[in-house]
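Notes follow once the structure below has been shown.
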Amino acid sequence: MNWLFLHSNQILTFVKSITDGKLLIVPVLIEGSWHLQAQNPDSINEFPNSPFRATESLKTFLFIPAESVGGEIPSEKETVIFGAKSCDLPALQILDKLFLEGAFEEPFYSERRKKTIIIAEDCSDCLPSCFCVAVGNTPYPENTADLIFSDVEGGKLVAAATERGEELLKKHGGSFSAATELQLSEQKEKRNAIKEKVKISLQEQKIEIPENIAEILQKKWPDKIWEKIAETCVECGACNFVCPGCHCFSLTDELTSEGKALRTRVWDACLSENFTRVAGGANPNKKREVRLRHRLERKFIAPYEAEEGYACSGCGRCIDACIGKLDMRKIIQEVANA
Amino acid sequence: MPENPYKSIPAKLLDVIEESGTIKTFVLKPERPILFEAGQFIEMAVPGVGEAPFTPSSSPAVSEKMDVTVMRVGKITEVLHDLSPGAMLGLRGPLGKPYPVDTEFKGKEILVIGGGVGLAPLRSLLYALLDRIDTYKKVVVRFGARSPQDIIYKDLMKKWTTNSPMDFVISVDADDTGKWKGPVGMVTTIMDDLPINISDAVAVVCGPPIMMKFATLKLLELGYADSRIYLSMEKNMSCGIGKCGHCRLGPYFVCEDGPVMTYDKIKNYEAIWD
Ligand SMILES: Cc1cc2nc3c(=O)[nH]c(=O)nc-3n(C[C@H](O)[C@H](O)[C@H](O)COP(=O)(O)OP(=O)(O)OC[C@H]3O[C@@H](n4cnc5c(N)ncnc54)[C@H](O)[C@@H]3O)c2cc1C
Ligand code: SF4
Ligand code: SF4
Ligand code: FES
């Protein structure tokens, strides 16, 4: 990756120039948690960033929760999203593959994805639910985002991970200089430090995630363990909705008050009982524990969602969202030790 | 800009044919022709009410009209059954992969096993097979209905079982008319002594899940290779284009990788028959 240095007195100019005239989404601290929200570009007076991932994942803006899809494909506004973290990015690869490839392209996602610039930055802190380092991920972005930023003394290092990112740097290039050896080693040190921090956080919580998750999940475990694990799941689907990589949806049809047929694509959840039910009542995933295990299988067994590696990036959102206190890290541990 | 795969093509309901107490055939004229191949399906919508997947039952060679045979089982199928000619419906498709009638099936002996409303999708396959009957060694059909009254497409069935290039036998689970002259028993009971050279044959199975299960087990027992058994998988579907996740079966999207799938691909996954 070709790292450039952006001096702190240039940062705001750069941010303003790439966000000019676009819809701007930035991390905002609200009652102790970080949320990605639209903000007026004029009110930006510092580089928009958060110490760790926001509550909302990127899919909220690219594959939006509910969208009218029965008619014409609208032209979307050019958008810039700041505050993407490393654990937000693998999901984009999953969504891109699913929605942009195959026999059919999903035109609504495609339109938003094309018009959205994604800016990611290293984490400087972590949440108790973070476990990126335990699933082969790092707390600093290395790909997929258009631009990646790291904090260094006196400014920021920036690199492009996509063609669009390269173009952005070229277009706004005047203010950059090549990163120095010193700056690169400072970046490396900081990156190692945050990686260590996530590891220590996991150790302190006594969470040890085995390396062979796929194997563990693939073994035919007695359903009894899963029955017990799934006991507190209330099938709300929150884990599905907050997950950056969960992409299931349903099409629903309704009549407007003027009698016009409206078709909406809405997020759906594989944790809900009716997700796979067919007429007559047959349902391959009738049991809650089967649905819960199914979700984990989809995250950790290739090539279900991802060709290689895991489809879970360790962002921990599903852990924070679960009112049944289900923690997939502990589930994996429990199943491994069963 | 790509086309919108969620947008239905308006289709006018030309005729409604009553096939049995719970099954009707809807004859549709789409605003523009929908060219499909046997085995592919469509999503049919009652505008503003909802959509469901169905396999056309008409000949794939006919493009200006399309027949869809529907069993009344729930929300959308009930609304459909109450419609009269003239109503407007919506169609999306064709979706999924067709039977390999011109490739893997070519030069083979073809055994088709069907049950219940499974005859609807099979009718379009049989039309396609008849259109190229000379390219197969033979076509043998064994079909099971609950009772003589439940047999749909009665006139066509009479013709196909008595006077056609196919070896076609229908059995009924029970004869409630006292007039049935054919065999009585589940379809699996007429699968012994088939005039088929198994090593040179492919088998197609389509029907209710329970029938599919027992017919497949029977085929395996008879010695059919896993990869030569073509199953029509019925899963909950919404998008029909491999995106929404409803039809997931192991690593597959049944709507995109199927709905016809060979047994070797799916046998290791749980609950394939549910
Ligand atoms: C590839 C394929 C081909 C089919 N071909 C035919 C056919 O030719 N004739 C026929 O009568 N039936 C066919 N079916 C079954 C038919 O789709 C269901 O009977 C229908 O969805 C029931 O809808 P409903 O609203 O009346 O039932 P409800 O039970 O009220 O279902 C509500 C919703 O659940 C979903 N759903 C329920 N059952 C199924 C199902 N089996 N498959 C997918 N989604 C389902 C649908 O979204 C449906 O709208 C086919 C199914 C598949 C998957
Ligand atoms: S999981 Fe890792 S990458 Fe994501 S916010 Fe936490 S520390 Fe950052
Ligand atoms: S499964 Fe949970 S931890 Fe993994 S990516 Fe999804 S929300 Fe994050
Ligand atoms: S029906 Fe949506 S993925 Fe198959």
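Checked against the criterion of being of a type in the set (S, T, Y) and either closer than 20 Å to A:P141 by Cα or touching a Lys or Arg at 6+ places or on another chain (Cβ under 6 Å) (or both), the range A:29-50 has at least one qualifying residue. Scanning the range B:120-153 for residues being closer than 16 Å to B:T22 by Cα and in contact (Cβ under 8 Å) with a residue 40 or more places away in the chain gives a total of 6.
Scanning the range A:276-316 for residues that are within 13 Å of chain B (Cβ to nearest Cβ), more than 16 Å from ligand 2 (Cβ to nearest atom) and of a type in the set (A, V, I, L, M) yields A:V278, A:A279, A:A282, A:V290, A:I301, A:A302, A:A306. Evaluation of A:C87 against the conditions (1) more than 14 Å from chain B (Cβ to nearest Cβ); (2) assigned to a loop (DSSP other than H, G, I, E, B) shows that the sole unmet condition is (2).
A quick yes/no check of all residues on (1) farther than 28 Å from A:E78 by Cβ; (2) hydrophobic (A, V, I, L, M, F, W, C); (3) surrounded by fewer than 16 Cβ atoms within 10 Å (Cβ to Cβ):
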{"site": "A:A134", "(1), (2), (3)": "yes, yes, no"}
{"site": "A:Y140", "(1), (2), (3)": "no, no, no"}
{"site": "A:N143", "(1), (2), (3)": "no, no, yes"}
{"site": "A:L147", "(1), (2), (3)": "no, yes, no"}
{"site": "A:G155", "(1), (2), (3)": "no, no, no"}
{"site": "A:G165", "(1), (2), (3)": "no, no, no"}
{"site": "A:K171", "(1), (2), (3)": "no, no, yes"}
{"site": "A:A178", "(1), (2), (3)": "yes, yes, yes"}
{"site": "A:E181", "(1), (2), (3)": "yes, no, yes"}
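Looking at A:F104, A:F99, A:F108, just one residue is within 21 Å of B:C244 (Cβ to Cβ), within 14 Å of chain B (Cβ to nearest Cβ), touching a strand residue (DSSP E or B) at 6+ places or on another chain (Cβ under 7 Å) and hydrophobic (A, V, I, L, M, F, W, C), and that residue is A:F108.
Of all residues in the range A:226-246, those that are within 14 Å of chain B (Cβ to nearest Cβ) have Cβ atoms under 8 Å from Cβ atoms of residues that are more than 16 Å from ligand 3 (Cβ to nearest atom), 6 or more apart or on another chain, in A:W226/A:E289; A:W226/A:V290; A:G237/A:S272. Within the range B:162-184, being free of Cβ contacts under 8 Å to residues at least 12 places away in the same chain and either buried (at least 17 other Cβ atoms within 10 Å of the Cβ) or assigned to a loop (DSSP other than H, G, I, E, B) (or both) holds for B:N163, B:G178, B:K181. Of all residues in the range B:155-186, those satisfying the criterion of being aromatic (F, W, Y) and within 25 Å of B:I210 (Cα to Cα) are B:F168, B:W180.
Among the residues of the range B:72-86, is any more than 10 Å from chain A (Cβ to nearest Cβ) and in a strand (DSSP E or B)?
No - not one qualifying residue is present in the range B:72-86.
If the requirement is being within 12 Å of ligand 1 (Cβ to nearest atom), in a loop (DSSP other than H, G, I, E, B) and closer than 16 Å to B:A38 by Cα, which of these qualifies: B:S124, B:S58, B:S63? B:S58 is the lone residue from the list that is within 12 Å of ligand 1 (Cβ to nearest atom), in a loop (DSSP other than H, G, I, E, B) and closer than 16 Å to B:A38 by Cα. Total residues in the range B:6-51 satisfying the condition of being within 12 Å of chain A (Cβ to nearest Cβ) and not β-branched (V, I, T): the figure is 12. Quick one: is B:K181 more than 30 Å from A:G70 (Cβ to Cβ), more than 14 Å from chain A (Cβ to nearest Cβ) and not acidic (D, E)? For B:K181, the condition - more than 30 Å from A:G70 (Cβ to Cβ), more than 14 Å from chain A (Cβ to nearest Cβ) and not acidic (D, E) - is met. Under the condition of being within 15 Å of ligand 4 (Cβ to nearest atom) and either out of contact with any Phe, Trp or Tyr (no Cβ under 6 Å at 6 or more places or on another chain) or away from chain A (no Cβ under 11 Å) (or both), the residues counted in the range B:213-248 number 13. Looking only at the range A:254-275, residues that are within 26 Å of B:V117 (Cα to Cα) and either in a strand (DSSP E or B) or within 7 Å of another protein chain (Cβ to nearest Cβ) (or both) come to 1 in all. None of B:G93, B:G114, B:G39, B:G118 is assigned to a helix (DSSP H, G or I) and surrounded by 20 or more Cβ atoms within 10 Å (Cβ to Cβ) except B:G118.
Is at least one residue of the range A:203-214 under 30 Å from A:I64 (Cβ atoms), part of a helix (DSSP H, G or I), modelled with pLDDT of 95 or more and charged (D, E, K, R)?
no
Within the range B:199-256, the residues that satisfy the criterion of being away from ligand 1 (no atom under 12 Å from the Cβ) and either within 30 Å of A:D96 (Cβ to Cβ) or assigned to a loop (DSSP other than H, G, I, E, B) (or both) are B:G223, B:Y224, B:A225, B:I241, B:G242, B:K243, B:G245, B:R248, B:G250, B:P251, B:Y252. Only one entry in B:I210, B:I241 is touching a residue at least 12 places away in the same chain (Cβ under 8 Å), surrounded by fewer than 21 Cβ atoms within 10 Å (Cβ to Cβ) and aliphatic (A, V, I, L, M), namely B:I210. No other residue among A:E142, A:E111, A:E196 is within 15 Å of ligand 2 (Cβ to nearest atom), in the same structural domain as A:L92 (by TED's automatic domain parsing), of a type outside the set (V, I, T) and part of a helix (DSSP H, G or I) apart from A:E196. Among the residues of this structure, A:L169 counts as one that is more than 16 Å from ligand 4 (Cβ to nearest atom), more than 14 Å from every other protein chain (Cβ to nearest Cβ) and at pLDDT below 95.
The values are calculated or read from the model by the stated rules, or taken from the named source; none is laboratory data. A quick note: this is a predicted structure, and the numbers were derived from the prediction, not measured. Methodologically, a virtual Cβ is constructed for each residue, glycine included, from the backbone with ideal geometry; neighbour enumeration extends over all protein chains shown.
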